[in-house]
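The block underneath contains the structure these notes are about, expressed in structure tokens.
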Ligand code: BYC
């Protein structure tokens, strides 16, 4: 299913046949470009970046690689091909035909889900806007920009849904997506993690590993939606998301590889010695991991949520891989275990499964995250380093849900406020850690050269060599 690039807004949804929508999107387009110029990647107007662009939504060969100035990237609207016989797989409408339009009774909830999803996309671009100034190599710089333009496209995906299906309020919400701003005290982004800073490249790799993975799970849950246009657009977004998580996973692996090499050369595991050699010590990497993991698992919402139950039962949002689960896909009368603190101890309790669906998705995310951390540990193992990274306990450093505000060590012990204060600097990145990591961030722009704190990747992008000129500075 080829994408029509002859139009002002590339698309595979016959935009030319829908004049009202085309006009609305064409009015929004200059505001998007203005937003990109104002808060998108800093000082990059003349850069020519070796980017992939979607040419078709088929799994075979959707990507075309070429030098593009990011401002000229062909952001557009790409949906997975329709399946005429698709039926709703779960909830009260199970077995009915999937919806091509928004039923009036679900309008407000669907709009809210689409707005929340849409809000994260520009937020991440804003969070990452200064990173180009300190990229450890041209290869990494190109990957950052690839992630940024695709988050921009994901915003287009949600704006298409809002403008096509939600009339005037959809147009207003589309405008508001460009007005909220990450970290803004008066008009912040909707979800917590998207108001945090991504100040350095270790944070960027942790973000793309953990937080983009929230994207994977949320998009996969939305790809089950009874509202077919949402299902089709999120399916295509998932193919782009995979590369973002690769950037995070391989980025952290390369940091570990370099740290392990320095530890072996210096025959030391002392953070001070490793830092003096210009690499990032494992304790600091673990603290960054603790931070990004805990902030990201908050993104799944409260462990018990009547919203989550409504979203599921009404068919708006399914579970991860709904089709692979062997239960009734209605879930009434079933239970799920969630945690809470009683008398200073964490205890499990059974609650209605429908209300616990945020927790179900969080637990799926946790399993997937832990698997990748295992792959990071292989890097250490291979280098003969005995230290291992671990994900902290689910209740560590939480701000959302029943576990919010509980003082908990990463290994799952409830601690007093005094102990927390005493040990927080062991568990979460300190200002000094961040200042140290920042001090390593210099700009490396010679093809094939890498900053001292990170190893080169095993291979380049699109079979190009590692020393390919991935970005040309105009
Ligand atoms: N921060 O009943 P609850 C991605 C609010 S990432 C702040 O649990 P619900 C990407 C909540 O809004 C994927 N507030 O809420 C990654 C509610 O507020 P109100 C993004 C939060 O609705 C990297 C109240 O707390 N997609 O794509 O069940 C780069 C009660 O909570 C937070 C989605 O999230 C928070 N963390 O669950 C680029 C999918 N959590 O109404 C992109 C769409 C909750 O009381 N969103 N609150 O004022 C959803 O499905 C749901 O909105 C959530 C929240 C799962 C997020």
| said: It is to be established whether one or more residues within segment 379-390 are buried (at least 18 other Cβ atoms within 10 Å of the Cβ) and assigned to a helix (DSSP H, G or I). | reply: yes
| field | Tally, over segment 413-455, of residues that are touching a strand residue (DSSP E or B) at 6+ places or on another chain (Cβ under 7 Å) and assigned to a loop (DSSP other than H, G, I, E, B) | value | 1
| field | Of the criteria (1) touching a residue at least 40 places away in the same chain (Cβ under 8 Å); (2) within 30 Å of residue 134 (Cβ to Cβ), which one residue 435 fails | value | (1)
| query | Within segment 399-407, can one find any residue that is without any contact (Cβ under 8 Å) to a residue 60 or more places away in the chain, away from the ligand (no atom under 16 Å from the Cβ) and more than 20 Å from residue 268 (Cβ to Cβ)? | reply | yes
| Does residue 351 qualify as being more than 16 Å from the ligand (Cβ to nearest atom), in contact (Cβ under 8 Å) with a residue 40 or more places away in the chain, assigned to a strand (DSSP E or B) and over 25 Å from residue 216 (Cβ atoms)? | no
| note | Among helices (runs of 4 or more DSSP H) entirely within segment 196-300, at least 3 residues that are within 14 Å of the ligand (Cβ to nearest atom) and in contact (Cβ under 8 Å) with a residue 40 or more places away in the chain occur in 201-206, 212-222, 228-266, 282-297
| field | Selection count where residues are more than 12 Å from the ligand (Cβ to nearest atom) and over 25 Å from residue 34 (Cβ atoms), scope segment 113-134 | value | 1
| In the set 159, 149, 115, which member is modelled with pLDDT of 95 or more, touching a strand residue (DSSP E or B) at 6+ places or on another chain (Cβ under 7 Å) and either over 19 Å from residue 237 (Cα atoms) or part of a helix (DSSP H, G or I) (or both)? | 149
| Of the numbered conditions (1) part of a helix (DSSP H, G or I); (2) within 9 Å of the ligand (Cβ to nearest atom), residue 190 satisfies every one except a single condition; which is it? | (1)
| message | Among the numbered criteria (1) buried (at least 18 other Cβ atoms within 10 Å of the Cβ); (2) closer than 22 Å to residue 33 by Cα; (3) more than 10 Å from the ligand (Cβ to nearest atom); (4) within 21 Å of the chain's Cα centre (by Cα), which one does residue 170 miss? | response | (4)
| message | Yes or no: segment 301-308 includes at least one residue that is in a helix (DSSP H, G or I), out of contact with any strand residue (DSSP E or B) (no Cβ under 8 Å at 6 or more places or on another chain), closer than 30 Å to residue 263 by Cα and within 12 Å of the ligand (Cβ to nearest atom). | response | no
| If you check every pair at least six apart or on different chains, which have Cβ atoms under 6 Å apart with a residue in segment 148-167 that is more than 17 Å from residue 27 (Cβ to Cβ) and within 14 Å of the ligand (Cβ to nearest atom) first and a residue that is at pLDDT below 95 and not in a helix (DSSP H, G or I) second? | 149/73; 152/75; 153/75
| said: Condition (residue is over 20 Å from the mean Cα position of the chain (by Cα), part of a loop (DSSP other than H, G, I, E, B), surrounded by fewer than 19 Cβ atoms within 10 Å (Cβ to Cβ) and modelled with pLDDT under 95) applied to segment 30-44: is it met by at least one residue? | reply: yes
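The values are calculated or read from the model by the stated rules, or taken from the named source; none is laboratory data. Source: prediction; values computed, not measured. Cβ: placed from backbone, ideal geometry, glycine included. Neighbour counts: every protein chain shown.
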